[in-house]
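Coordinate-derived values only; no laboratory data. None of the values given here were measured: they were computed from a predicted structure. Virtual Cβ from ideal backbone geometry, glycine too; neighbours counted across all protein chains shown.
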Amino acid sequence: MRSKCCQSSFVRLAWLPTIFWSITTWEIMMRQFFLTCVGLVLLVLAAPLATVAQVYSTSAKPAANNETKTWTAPRKADGHPDLEGIWSNASNTPLERPKELGTKEFYMADEYAALVAKRGFLGDRGGPQEVHYDFVQYGMDAMQSKFAPNLRTSLIIGPEGRIPRMLPEAVKRNAERTATAKAHEFEGPEYRSLTERCIVYGELEGPPMLPPMYNNNMLIVQNPGYVAILNEMYHDTRIIPTDGRPHLEQNIRQWRGDSISRWEGDTLVVDTTNFTDKTHFRGSSENLHVVERFSRTSKETILYQFTVEDPATWAKPWSGELVMGPAVGAIYEFACNEGNYGLADILSGARAEENRSADEVTKNRRR
């Protein structure tokens, strides 16, 4: 339905041929009024189109406007694109595509908006939701994050959109690992998870770096010869050489692997191997191999792509991508440390239970 101002303007438009040469002050005002109405209509129509263009241009879709096409990444002194800053990988997209979507890789913009309005958070919650947290009160609810535009149905790309089938030997290996940990879960810290011990944050800190539910921020610092990435959670810094050096010897293993990098055009490519057999990203072995790609796509976006490969775990490699945007605010200390009081309380509680059981046995023998 047209507004009244635009209806009156269209009526005036019908008379313009006959009175064009007899201009009065009143007619000038009406013509200006008409142009104002038309301008407002065009602005309203253009706004959603601009939004759609912005979303697609940062979601591995073809650029849809001249500004995106002509944008040039700032350069460091060595000529490489400037990736520095505090970024967030918060995402409202799940790692794996919902099965009901089949091979559908992208939502339409209006379809995605309607889905978010109905369901809210579509991404992965990143573990059990501890009942002792009021997530909203502490700014930790997923929907309190700022998401970079992304219309993908899953972070994993390709027609399947899901992690490939795990090999039978990997299924067996992980079942044995779980059973061993369960049988000795209170014997010592070495049987507790790396997350609980504040060493590596589950399967999210990476590489590959997947979005946790909160504390998604990371600081990237870039200098000739090195790039450093500090994750807010768990406060670890990967110092990644860019000078072409080889990986460490195979007998040297690290929690987050050994990362080296190189530039391929304007893309930073990070190659990571030499993981420990205790990291087991989503059931992986120490043969895990991760390749990450960082591409500055606009003033406020970095396209982060990754490929995961482990011939001892999955039938084939799998890849994913997400859009990182600027973080809101600074990075603060995430004060989780190995040997934290929670872990000490778990183990001391187990010892107390053992002592109580031993006392019960002694009392029963005396009777």
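Numbers at a glance
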{"read-out": "Per residue Cα convex hull volume in Å³ - calculated over region 325-367", "value": "86 Å³"}
{"read-out": "Region 291-367 and region 257-272: distance between their alpha carbon centers, rounded to Å", "value": "25 Å"}
{"read-out": "Amide hydrogen neighbours beyond the local backbone of Tyr226, cut-off 5 Å, H modeled", "value": "Thr242"}
{"read-out": "Under 5 Å, built H, 5+ apart or other chain: amide partners of Leu167", "value": "Trp314, Ala315"}
{"read-out": "Calculated from backbone phi, Karplus (6.51, -1.76, 1.60) coupling profile of region 270-286 in Hz, x at Gly/Pro", "value": "10, 10, 10, 9, 6, 6, 7, 7, 9, 6, 5, 4, 6, x, 6, 9, 5"}
{"read-out": "Residue-count net charge about Arg253 - beta-carbon cut-off 13 Å; Lys, Arg +1, Asp, Glu -1", "value": "-2"}
{"read-out": "Translational D in µm²/s for region 85-336 (Stokes-Einstein at 4 °C, 1.567 mPa s, Kirkwood Rh from C-alpha pairs)", "value": "67 µm²/s"}
{"read-out": "Derived scalar couplings ³J(HN,Hα) [region 337-343; Karplus, 6.51 cos²θ - 1.76 cosθ + 1.60; whole Hz; x for Gly, Pro]", "value": "10, 4, x, 5, 5, x, 5"}
{"read-out": "Net charge over other residues, Cβ less than 10 angstrom from the Cβ of Thr242 (K, R count +1; D, E count -1)", "value": "0"}
{"read-out": "Nearest-0.05 FRET efficiency for Ala181 and Trp263, computed from C-beta distance (R0 51 Å)", "value": "0.80"}
{"read-out": "Subset of Lys76/Lys299; Lys172/Lys278; Lys104/Lys146 violating a 18 Å alpha-carbon distance limit", "value": "Lys104/Lys146"}
{"read-out": "Formal net charge of residues neighbouring Met209 (Cβ-Cβ distance under 15 Å; K, R +1; D, E -1)", "value": "-4"}
{"read-out": "For region 85-336, size of Cβ-based charge dipole, Lys and Arg +1, Asp and Glu -1, in debye", "value": "420 debye"}
{"read-out": "Gain upon complete extension [Val221, Leu167; 0.36 nm per residue less C-alpha separation]", "value": "15.6 nm"}
